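Chemist: Next up is a structure, given as structure tokens.
The values are calculated or read from the model by the stated rules, or taken from the named source; none is laboratory data. Keep in mind that what you see is a predicted model, and the values were worked out from it rather than measured. When we count neighbours, we look across all protein chains shown, and the Cβ atoms used for this are built from the backbone with ideal geometry, even at glycine. Note: accessible area is taken over every heavy atom of the protein model, side chains too, but ligands, DNA and RNA are not part of it. Shrake-Rupley method; radii C 1.70, N 1.55, O 1.52, S 1.80 Å.
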4 protein chains.
Amino acid sequence: MTTPDSAVLRIHCTDQKGIVAQITEFIHDNGGNVLKLNQHVDHAENYFYMRLEWDLQGFSIPKGKIREYFATLIASKYGMHWVINFKQTIPRMAIFVSKYSHCFFDIMARWETKEWKVELPIVISNHEKLRVATERLGIEYHHIPIDKDNKLEQEDKQLDLLKKHKIDFIVLARYMQILSPKLVTEYKNHIINIHHSSLPAFAGANPYGKAFERGVKLMGATGHYVTNDLDEGPIITQDVIPISHRDSIADMKRKGKDIEKTVLANAIWAHLNYNVIAHNNKTIVF
Amino acid sequence: MTTPDSAVLRIHCTDQKGIVAQITEFIHDNGGNVLKLNQHVDHAENYFYMRLEWDLQGFSIPKGKIREYFATLIASKYGMHWVINFKQTIPRMAIFVSKYSHCFFDIMARWETKEWKVELPIVISNHEKLRVATERLGIEYHHIPIDKDNKLEQEDKQLDLLKKHKIDFIVLARYMQILSPKLVTEYKNHIINIHHSSLPAFAGANPYGKAFERGVKLMGATGHYVTNDLDEGPIITQDVIPISHRDSIADMKRKGKDIEKTVLANAIWAHLNYNVIAHNNKTIVF
Amino acid sequence: MTTPDSAVLRIHCTDQKGIVAQITEFIHDNGGNVLKLNQHVDHAENYFYMRLEWDLQGFSIPKGKIREYFATLIASKYGMHWVINFKQTIPRMAIFVSKYSHCFFDIMARWETKEWKVELPIVISNHEKLRVATERLGIEYHHIPIDKDNKLEQEDKQLDLLKKHKIDFIVLARYMQILSPKLVTEYKNHIINIHHSSLPAFAGANPYGKAFERGVKLMGATGHYVTNDLDEGPIITQDVIPISHRDSIADMKRKGKDIEKTVLANAIWAHLNYNVIAHNNKTIVF
Amino acid sequence: MTTPDSAVLRIHCTDQKGIVAQITEFIHDNGGNVLKLNQHVDHAENYFYMRLEWDLQGFSIPKGKIREYFATLIASKYGMHWVINFKQTIPRMAIFVSKYSHCFFDIMARWETKEWKVELPIVISNHEKLRVATERLGIEYHHIPIDKDNKLEQEDKQLDLLKKHKIDFIVLARYMQILSPKLVTEYKNHIINIHHSSLPAFAGANPYGKAFERGVKLMGATGHYVTNDLDEGPIITQDVIPISHRDSIADMKRKGKDIEKTVLANAIWAHLNYNVIAHNNKTIVF
């Protein structure tokens, strides 16, 4: 006997009267049971967001037809952007990593202990450093070095691997490389990056050194989707930790690692559970 | 020209198929527009909670009839516990206070600056201490001293005042008196208390002294509804702040005040905005 | 019988061998007892900071001579920047405020309840708004309107008042005016400002609107000393609170107020207790 | 060319005049340079704590004689409890673990990436589960099952291993077994445990279930030294994370893991760097 599947619908569109009623009726009239419903209206923009999860046990529309029926009966009437995912379909994640390994090891431990329902078929890196730590878990490791001259062709190799392994989303676990627009566009709102930061933010080289010199009292990290504006994509998660003058630059880096790995893990969790709707460089995280 | 009113519905009941559809249809079919909808199912208990706010502009059921229609057409069918409030009706709050005044002054400042939409007709205290600070704002101050022998009769005086002033809810701003069951029952889930605490919690006298001796690293506060079990009612808000060995007991008390006033203010805000559903000694705060 | 006074020494200078020994010997040899000693070496800069508080009971150097003796016997040998304050001398604070009143009311309540050991003889404002709330506490309120043309002459009036009232330090409780270099220089590291912020920071007009559009998940505040670089002075205290898409711009402002008033109060506390050493656009907060 | 070593002195004793002067003179007169000095007086108890780190380059007392000289010249005069450690001596840590592996993997990653200066020769477990994850790093794994009848003899085996491997301190990474007084006494203030908790704390079985039923809004963790009173030893580190009604018991456990691993890591870091002084069931963490 198997647990029946459930479906997660995420939509966004201009706010219109009766959307919630229409959708919940659609679920109910066809025998579904709403498990979770979250809705948000941005009144400033007159814009509507919803995430709805329902139980497919007893749902009268066959799983393979749900998307078609929803598109025809509901989405087309309201001009919705929408996506439906099924909980029993395990998402497939690729990790991109360079030499900093704190986020990498944190993700690997969560994968190895099955904390997350996710497939992790490949790790891609511009260095050899983490091959052993990857392959001992039975995961493929692809060393694809990047330099100024070969970036586009190497990204084509990356894209081939991503397609071959049917990768749904990419995690840049401190990858330290700027992706080209082609890859970013292909995986729009499906590439998660972790960015360290402080208040105020210090642009350019040596941000920790600048933050130290300024004597900031907080270190932070931001998990966000990658866009073509470096570190400027829609924010998924953020957190900070207190620091003081007693923290050297080395201490700041060490503490920064801990906040980075937790914030990135939380961003991945939100993405994995279909909790995020990204729209106009902003996220709604239900 | 006036802004049209909006209504806030809060319900809880055993989870049943189609509840959300029924309610949103009811709103929609009668010309209402959903402003905010939050729903939660406790799957462990098979229990359903919802808060729904809708715009009354164009709503075809007259405001004075909405409760009756909702009760008849929806609530009775599902065995719902429910309440409907209207945003233009300003809630009426009474403050109970003793000698500790940090929460009192914080609330007064929010009231004086109209941060909250709330009426504050009376302050009741078992001491004279805060009379001037109350009356200079044009608020009535009632000194009702409490001792072991007169508690019940003095609470009757309090109840008379609460009724006379049509008080909707009571805030115990460090009132330092245990209320009798009569008053607690009369204002069930409408009396908010603030309770300081630490990890671990230290029962009995001198909790700060015990927390200091144990060297705890966090001080906290809990805003909760009052029940007949002292400090054990449904939790609305909680927060903590870090402390260290460098904090004396006096420092712990000083820092405790800041976290208490913020946590209490957040609990009041949640209550004022009809964001809280209390059920079975637990709250859902939407 | 009076409690004996204690002295607080703060120094900073290039790190040199034996500084701590020299100073603690100086205290000890003259019969003083060290109450608190905090020391910090910035190894990157080879720079030394210390705060030392000692009991004057039984100290053989008369209070009025301590500064002279310290300067001669210790400070001159090490090229120290130093200051000595006495705990029984109550610092005198002036509040500058505009129309936003949350920090103002928070400070007034702490003053009225004697939470802080501070004199508060005057409030200076470019608006009349908070006159009543000031004068009812017996504090002088000075309305000194500022516009583009009169800033320097109005600041001279402010300076006259500050001198007349022997003000030690100024708190900009959301004053919303940029001070001229003359006033900033006169009160170098003695003007505390509160600055709201988010991650990333949004420069220019309407920062809340920009933070909302970007969907930031944290709102913060920074308490700092004022320098001639707007919002760029040495940071004393910082904190953040979580926000989400459910927070409107109005909610962000409301939550921002709470974090601002706490962060500013903590900065004032640190300053009042002589816990802060500012050097090179950075603070050491012991 | 090697970096010269530095020494860390930690003392505690009844507060007496001149202690700081005596010790800093001792360092200075023998050619040492103070790198960090932290001192704390508990005025309520008239008790003195100090941590002092100094550079041994140019220090005229040979490293092997420092303890003897300090004992004779200083400690004996003041009745001090004291310990001196050398930074170049790498501490040796043993991990005790059961089946919950989140803290284990976090520690392993820090060890594998050399984030900490620590030797990790053995992992001891009452289960086989984490053998592979241990041995692949070249660390010995000892499976020592514990039941009611064999606890004391199995602990003797553990003690033999700890001695054989010259273990300095033990980390209970969610070990789930109560240690006998013999082992606790042998490693007094050298066994670090991680304890999850909430406000209020729920004793006995199923604390997550009880916290869920009560609707707590924070989950916490406490890192502490193990004493014979279960979960009641001196607290080293604490932290909390917010939760809400939307978190199921499974979510609470998942979030609890993240806070547990960070809090435990911070406690280990404090211990490893000789930042902790434990006295009377309380810690001073410099």
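Chemist: Order D:Ile90, B:Ile124, D:Ile178 by their accessible area, 1.4 angstrom probe, all chains in place, largest first.
Modeler: D:Ile178, D:Ile90, B:Ile124
Chemist: Please arrange B:Ser60, B:Ser197, A:Ser244 by accessible surface area, largest first, computed with a 1.4 Å probe and ligands excluded.
Modeler: The ordering from most to least exposed comes out as B:Ser60, A:Ser244, B:Ser197.
Chemist: Would you check the accessible area of A:Val276, probe 1.4 Å, heavy atoms only, in square angstrom rounded to 10?
Modeler: 10
Chemist: What residue among C:Tyr274, C:Tyr78, C:Ser125 has its Cα farthest toward the positive end of the dipole of chain C, where the charges are +1 on Lys, Arg and -1 on Asp, Glu, each on the Cβ?
Modeler: Looking along the dipole axis, the top candidate is C:Ser125.
Chemist: While we're looking at this one, here's another question. Could you list which residues have their amide H under 5 Å from that of B:Asn33, counting only those 5 or more apart in sequence or on another chain, with H placed in the peptide plane?
Modeler: Placed amide hydrogens put B:Asp55 under 5 Å from B:Asn33.
Chemist: Ignoring ligands, DNA and RNA, what accessible area per residue does chain C give at 1.4 Å, in Å²?
Modeler: 41
Chemist: Heavy-atom accessible surface, probe 1.4 Å, ligands and DNA/RNA ignored: which residues of segment C:258-286 lose at least 10 Å² versus the isolated chain?
Modeler: In segment C:258-286, residues shielded by partner chains: C:Asp258, C:Lys261, C:Thr262, C:Asn266, C:Trp269, C:Asn281, C:Lys282, C:Thr283, C:Ile284, C:Val285, C:Phe286.
Chemist: Could you give me the ³J(HN,Hα) list for segment C:99-104, computed from phi with Karplus coefficients 6.51, -1.76, 1.60 and θ = phi - 60°, whole Hz, x at Gly and Pro?
Modeler: Coupling constants for segment C:99-104: 9, 5, 10, 5, 5, 4 Hz.
Chemist: Related question: Name the long-range amide H neighbours of A:Asp15: under 5 Å, sequence gap of 5 or more, or other chain; modelled H, no Pro or chain starts.
Modeler: A:Tyr47, A:Phe48
Chemist: Sticking with this structure for a sec: Between segment C:10-81 and segment D:195-259, how many Å separate their Cα centres?
Modeler: Between the Cα centre of segment C:10-81 and that of segment D:195-259, the gap is 45 Å.
Chemist: How big is segment D:199-286 by Rg and Dmax over its Cα atoms, in Å?
Modeler: That works out to 14.3, 41 Å for Rg and Dmax.
Chemist: Give me the Å³ per residue figure for the convex hull around the C-alpha atoms of segment D:6-86.
Modeler: About 74 Å³ per residue, rounded to a whole number.
Chemist: Please report, for A:Ile249, the nm distances (one decimal) from its label point, 7 Å out from Cα along the beta-carbon direction, to the equivalent points in the remaining copies, shortest first.
Modeler: 4.0, 4.6, 5.0
Chemist: Mind checking which of D:Asn85, D:Asn275, D:Asn193 has the largest fluctuation in a GNM of chain D, springs on alpha carbons under 10 Å?
Modeler: Comparing D:Asn85, D:Asn275, D:Asn193 in a Gaussian network model of chain D, the most mobile one is D:Asn85.
Chemist: Still on this structure, please answer the following. At what distance in nm do the modelled label points of B:Lys188 and A:Ile178 sit from each other, each positioned 7 Å from its Cα along Cα→Cβ?
Modeler: 6.4
Chemist: Using a 1.4 angstrom probe and counting only protein chains, how large is the accessible area of A:Tyr175 in Å², to 10?
Modeler: For A:Tyr175, solvent-accessible area is about 0 Å².
Chemist: With chain B treated as a Gaussian network of Cα nodes joined by springs under 10 Å, which of B:Leu161, B:Leu35, B:Leu56 yields the largest mean-square fluctuation?
Modeler: B:Leu35
Chemist: How are the alpha carbon pair distances in chain D distributed across 10 Å bins from zero to the largest one, expressed in percent?
Modeler: 6, 25, 30, 24, 12, 3, 0
Chemist: Suppose each label sits 7 Å from its Cα in the direction of the beta carbon; what would the D:Glu128-B:Lys148 distance come out to in nanometres?
Modeler: Taking the two extended label points, one gets 6.6 nm.
Chemist: Sticking with this structure for a sec: Applying the Karplus parametrisation 6.51 cos²θ - 1.76 cosθ + 1.60 with θ = phi - 60° to the phi angles of segment B:6-22, what ³J(HN,Hα) value in whole Hz is obtained for each residue in order, glycine and proline being reported as x?
Modeler: With the stated coefficients, segment B:6-22 comes to 10, 10, 10, 9, 10, 9, 8, 5, 4, 5, 9, 4, x, 4, 4, 4, 4 Hz.
Chemist: Right, here's the next one. In whole percent, how big is the carbon plus sulfur part of the accessible area of the protein assembly as shown, probe 1.4 Å, protein atoms only?
Modeler: 51
Chemist: Calculate one ³J(HN,Hα) per residue across segment C:249-266 by plugging θ = phi - 60° into the Karplus curve 6.51 cos²θ - 1.76 cosθ + 1.60, and present them in order as whole Hz with x for glycine and proline.
Modeler: Result, rounded to whole Hz: 4, 4, 5, 4, 5, 4, 5, x, 4, 5, 6, 4, 5, 5, 5, 5, 4, 5.
Chemist: Excluding ligands and nucleic acids, what accessible area in Å² is computed for A:Val285 using a 1.4 Å probe, to the nearest 10?
Modeler: Counting only protein heavy atoms, the figure is 40 Å².
Chemist: Follow-up. Before we go on, tell me the buried accessible area for the B/D pair, both chains summed, 1.4 Å probe, in Å² to the nearest 100.
Modeler: 2700
Chemist: Which whole number gives the average count of other chain Cβ atoms within 10 Å of the Cβ atoms across peptide C:105-115?
Modeler: Partner Cβ neighbours, averaged per residue: 4.
Chemist: Sorted from shortest, what are the nm distances separating the label point of A:Pro121 from equivalent points in the other copies, each placed 7 Å from Cα along Cα to C-beta?
Modeler: 4.5, 7.0, 7.8
Chemist: A further question follows. Which shape class applies to the protein assembly as shown: rounded if a/c is under 1.5, otherwise prolate when a/b exceeds b/c and oblate if not, where a ≥ b ≥ c are the square roots of the Cα gyration tensor eigenvalues?
Modeler: Taking the square roots of the gyration eigenvalues as a ≥ b ≥ c, the protein assembly as shown is oblate.
Chemist: Still on this model: Assign unit charges at the C-beta atoms only (+1 for Lys and Arg, -1 for Asp and Glu), then state the dipole size of segment D:122-180 relative to its Cα centre in Debye, rounded to the nearest 20.
Modeler: It comes to approximately 200 debye.
Chemist: Shielding by partners for B:231-240, please: the mean number of other protein chain Cβ atoms within 10 Å of each residue's Cβ.
Modeler: 4
Chemist: Which whole number gives the average count of other chain Cβ atoms within 10 Å of the Cβ atoms across peptide C:52-59?
Modeler: That average works out to 1.
Chemist: Continuing with the same structure: Whose amide H sits under 5 Å from the amide H of C:Glu140, counting only residues 5 or more places off or on another chain, with H placed in the peptide plane?
Modeler: Under 5 Å from the amide H of C:Glu140 lie the amide H atoms of C:Val123, each far enough along the sequence or on another chain.
Chemist: Show C:Thr185, A:Thr227, B:Thr283 ordered by accessible area, largest first, where the area counts protein heavy atoms only and the probe is 1.4 Å.
Modeler: Of C:Thr185, A:Thr227, B:Thr283, the descending order of accessible area is C:Thr185, A:Thr227, B:Thr283.
Chemist: Let me ask another. Compute the label-point distances linking C:Asp231 to its equivalents in the other copies; points lie 7 Å from Cα along Cα→Cβ; give nm, one decimal, shortest first.
Modeler: Nearest first, the other copies' label points are 1.7, 4.2, 4.5 nm away.
Chemist: Each label point is 7 Å from the Cα along the Cα-to-Cβ direction; what then is the distance between the points at C:Ile241 and C:Thr72, in nm?
Modeler: About 5.4 nm separates the two model spin labels.
Chemist: Can you give the calculated 222 nm mean residue ellipticity of chain C, where each DSSP H run of n ≥ 4 adds -39,500 (n - 2.57) and the sum is split over every residue, rounded to the nearest 500 deg cm²/dmol?
Modeler: My calculation for chain C gives -9000 deg cm²/dmol from helical runs alone.
Chemist: Which pairs in the list B:Lys282/C:Lys255; A:Lys151/D:Lys257; D:Lys87/D:Lys163; A:Lys99/D:Lys157 are over 29 Å apart, alpha-carbon to alpha-carbon?
Modeler: The answer is A:Lys151/D:Lys257; A:Lys99/D:Lys157.
Chemist: Please work out the C-alpha center-to-center distance from segment C:116-147 to segment B:82-126 and express it in whole Å.
Modeler: The two parts, judged by their Cα centres, are 26 Å apart.
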